[in-house]
Structure formats: structure tokens, C-alpha cells
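To start, the structure under review is shown below, and the notes come after it.
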Amino acid sequence: MSNKIPVGILGATGAVGQNYIFLLKDHPWFEVTWVAASPRSAGKKYSEAVANRWLHGPDIPEGVRDLLVYDANNALNAEGKCRFVFSALELDSKDAIRELENSYAALHIPVISNASAHRWTDNVPMLIPEINPDHISVIDEQKKMHGWDRGFVAVKPNCSLQSYMTPVYALMKAGYDVKRLFVATMQAVSGAGYPGVPSLDMIDNVVPYIGGEEEKSEQEPLKILGTVSGGKIVNASGPLITAHCNRVPVTNGHTACVSLEFGEKKPSLEEIEKIWTEFRGLPQELGLPFAPKQPIIVRHEVNRPQPQRDRDADKAMAVSVGRLRADPVFDIRFVGLSHNTVRGAAGGGIMNAELLKAKGYLV
Ligand SMILES: NC(=O)c1ccc[n+]([C@@H]2O[C@H](COP(=O)([O-])OP(=O)(O)OC[C@H]3O[C@@H](n4cnc5c(N)ncnc54)[C@H](OP(=O)(O)O)[C@@H]3O)[C@@H](O)[C@H]2O)c1
């Protein structure tokens, strides 16, 4: 019998849920033992529920293929079947997701979520493990407030900002204040789930609108860069961010063109490259299984990073940056890229769980 931690997946049949199943196939610590989705899929074998929409090659992993899909709306279905769940749910309202995720936590089942519903709850950490692992400590206050002994909710941020927030944070950590940040993203269609954007809207086209995405890009970094005080996260007051988010006909990989203005102290381009190349965080220190060895990879080719060539860098968990140059309006500009359904979704969620286990929250 396996001594891995049994895990469940809410929204297991969707784009992100399928990616969890694919990425957890040979995970050294976790094993998928329970899957749940909408009442439409409930009662079917997993392989039947995803027939004609399985996105990861010819075979569904053996241990999952024959699992029965449960209705995710009833947390009692998960009792005794898993020690924690990854949430990749898409429901009609954020209130409904918040309530449902809380109902799992109340049954002693921690929830590591990809949904945006809990991102603004001030005692729920929104983690990028290389940036704000200390935010985990608010879980203690969250448990106390609800009277939960083992259950809790932790979330990850929006997928597109992972393409540039780690490089921006690395510069801040090195002592350079970032005053203003302009970003224009080119986001892959897989970011819209499955089946996602209609093909006639996407082929030979760019859609300069993704609902709610610009607000998330402008506000979520302030929580990620915030500080813990009194068991809650207090948002940072800057940088001031302006975002343009576009959907482009790329399958996977979100690209971001970024301009930054520093405070009085301004790093040279050579210093920036050195800071990025040498940057390491807690996941690297702890040797977490999903941690990229080098979180920020600097490309020197004039036309990189590109989704096709760079999205899979270091298990698709690294951020690739390139085209670092001076900016005549701001101080510097660069292009960042990361894999949206791995680093930006399931892979990021798995590394959050690894960090939480390493810190004793998933015993
Ligand atoms: N795609 C990305 O790159 C990305 C990145 C970061 C975060 N996210 C977030 O991750 C979550 C999942 O996204 P996705 O792209 O995987 O969406 P998706 O492909 O549309 O999948 C949605 C999942 O939710 C289930 N579901 C739908 N209605 C339900 C209901 N009434 N009750 C219970 N389950 C229900 C679906 O089950 P059925 O198959 O049975 O309908 C499916 O398993 C979303 O909150 C999204 O914002 C996505």
C-alpha cells in the first residue's frame, strides 16, 4: 500500500483539474484518490466523464481512469477518501465557490485553490512560494476564526501575473523600490478553460478583453507583496500598476510585456540580469519536488521568450525573461513568460501544497 498522502480534486474534469491529474501522476508525496466535478459528471467513471475532452495525450493515468466521479457540491462525499483537496472549480458565483471551499475546510479537509473566490479574504494566503511563503502564518488565524482544527483554505493568484511578478519581486528584494509598473499581456486560450473561447473568435484574431483580468492584474500583486499583521495580510501600497490583458491564439503560455519605473535608486541592466539569474526562494532551499532549480531564466536571443520555445522551461515551472532594455518613458522594460496551466495553475497549486506540507500544515 502506498504511503503517499491521498488527495482529491474538485473540478477534476476541467482544464485545470485534468492538468492536476496529469502532473500528479508520479508525484513523490501525493496520490489522487478522489475526484469530483459537476452533477453532470457525477456517477460516471472518470474516463467516461472526460471522454473526448481529455487534453493530455492518449492515456488517462492508470490510478485515476476508473475512479468514480463524485458531485463536488457535497463535501461529505470526500470524507475518509482524501487528506486534502485541490480546487479547480468554476461555479456561477464567487460566493458559491467560497461557501463550498469552506464546507470542505469545516470537515477537516484543507483546500488548495485555483479559484479566485477567496483571493481577497484577508486571512487566506495567496501564495507564490518564491515570494510570500511567510503569508502561510495567517492560516492559524483563519482556523481560529472558524473553529477549524485541521481544515483551511489557501489560494494561488491569477495565472498571468506569474509571468512577471517573480522578476519584479526579485528586484524589490534586492533593494530596488518599484514605483510604477505597466504590463500588456498576451494570454493563451487554455486560460479560458475548456472548451473556452469560440474558435471563430480566436483563429486569425486577437481579443483585447478578458473579463476581470485587468483588475486582478492591478490588485492581486498588492496582496502578494503585503505584510502579515495581527493574523491578517495587509496589502502593500505600491507599485502603481496599469494592465492591458489580451487573449491571443496560443494554446499554452502567457506572455507579458512589462515596463518598470524605480524609485531614486536604479539598477543597471547588468545588475538586473545578475539579480534575476541568482534569485532563489524558499522552494529551492527546501528542494520541493515541483520547484524549478532556477526560478527566473534570462534569455539573450533578441526574439525570446516565446510560448512555443520557453513555456516548458524547467518542468514548465520557471519564468523566462528576455528583451531586457532601457525604457525611454519608464526605466526598464522586458518580456516575461510562464506556462499558464502549469506554473499559473495546477503546477503552482501543487507547489503550494508541497510548501504547506513542508511547513507542517498538511499532516
Ligand atoms: N485555465 C487556467 O489557466 C486557469 C488558471 C488559473 C486559475 N484558473 C481557475 O481554475 C478554475 C478552473 O478553471 P478551468 O479552466 O479548469 O475551468 P473548466 O475547464 O471550465 O472546468 C470547470 C470545472 O468545474 C466543474 N463544475 C462546473 N460547474 C459545476 C457545478 N455547478 N458544480 C460542481 N462543479 C462544477 C466542471 O465539471 P464538469 O466537467 O462536470 O462540468 C469542471 O470540472 C477556475 O476557477 C479558474 O478561474 C484557471
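The values are calculated or read from the model by the stated rules, or taken from the named source; none is laboratory data. Just so it is clear, the model here is predicted, and its values are computed rather than measured. Positions of Cβ are backbone-derived with ideal geometry, glycine not excepted, and every protein chain shown enters the neighbour counts. Areas reflect the complete protein model, heavy atoms only, side chains present, ligands, DNA and RNA absent. Shrake-Rupley method; radii C 1.70, N 1.55, O 1.52, S 1.80 Å.
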task: Run down LYS81, LYS143, LYS45, LYS94 and say which single residue is basic (Lys, Arg) and in contact with an Asp or Glu (Cβ under 6 Å, 6 or more places away or on another chain).
output: LYS45
field: All positions within the stretch 252-266 that are surrounded by fewer than 18 Cβ atoms within 10 Å (Cβ to Cβ) and more than 17 Å from SER320 (Cα to Cα)
entry: GLY263, GLU264, LYS265, LYS266
- prompt: Is it true that some residue in the stretch 5-13 is surrounded by fewer than 17 Cβ atoms within 10 Å (Cβ to Cβ), among the small types (Gly, Ala, Ser) and within 22 Å of GLY193 (Cα to Cα)?
  reply: no
field: Matching residues in the stretch 100-130 - criterion: being within 12 Å of the ligand (Cβ to nearest atom) and in a helix (DSSP H, G or I)
entry: LEU100, GLU101
- prompt: Can you find even one residue in the stretch 291-299 that is more than 16 Å from the ligand (Cβ to nearest atom), touching a Ser or Thr at 6+ places or on another chain (Cβ under 9 Å) and farther than 30 Å from ILE21 by Cβ?
  reply: yes
message: Filter the stretch 320-363 down to the residues that are aromatic (Phe, Trp, Tyr) and out of contact with any helix residue (DSSP H, G or I) (no Cβ under 9 Å at 6 or more places or on another chain) and list them by number.
response: PHE330
query: Pick from ALA353, ALA345, ALA358: which is open to solvent by less than 60 Å² (accessible area, probe 1.4 Å), more than 16 Å from the ligand (Cβ to nearest atom) and touching a residue at least 40 places away in the same chain (Cβ under 8 Å)?
result: ALA358
field: Criterion: surrounded by fewer than 22 Cβ atoms within 10 Å (Cβ to Cβ) and either more than 9 Å from the ligand (Cβ to nearest atom) or β-branched (Val, Ile, Thr) (or both) - qualifying residue of PHE30, PHE22
entry: PHE22
- prompt: Do the conditions hold for VAL35, that is, is it under 21 Å from MET351 (Cα atoms) and within 14 Å of the ligand (Cβ to nearest atom)?
  reply: yes
message: LYS232 - would you say it is modelled with pLDDT of 95 or more, open to solvent by 60 Å² or more (accessible area, probe 1.4 Å) and closer than 22 Å to PHE152 by Cβ?
response: yes
- prompt: Quick one: is LYS4 of a type outside the set (Ser, Thr, Tyr), within 24 Å of MET351 (Cβ to Cβ), more than 16 Å from the ligand (Cβ to nearest atom) and in contact with a helix residue (DSSP H, G or I) (Cβ under 9 Å, 6 or more places away or on another chain)?
  reply: no
- prompt: Tally time: how many residues in the stretch 143-163 are more than 13 Å from the chain's Cα centre (by Cα) and not basic (Lys, Arg)?
  reply: 8
task: Run down VAL206, VAL189 and say which single residue is away from the ligand (no atom under 12 Å from the Cβ) and either hydrophobic (A, V, I, L, M, F, W, C) or within 25 Å of VAL16 (Cβ to Cβ) (or both).
output: VAL206
task: Give the stretch 217-250 a look and list any residue that's polar (S, T, N, Q) and within 16 Å of the chain's Cα centre (by Cα), or say none.
output: SER217, GLN219
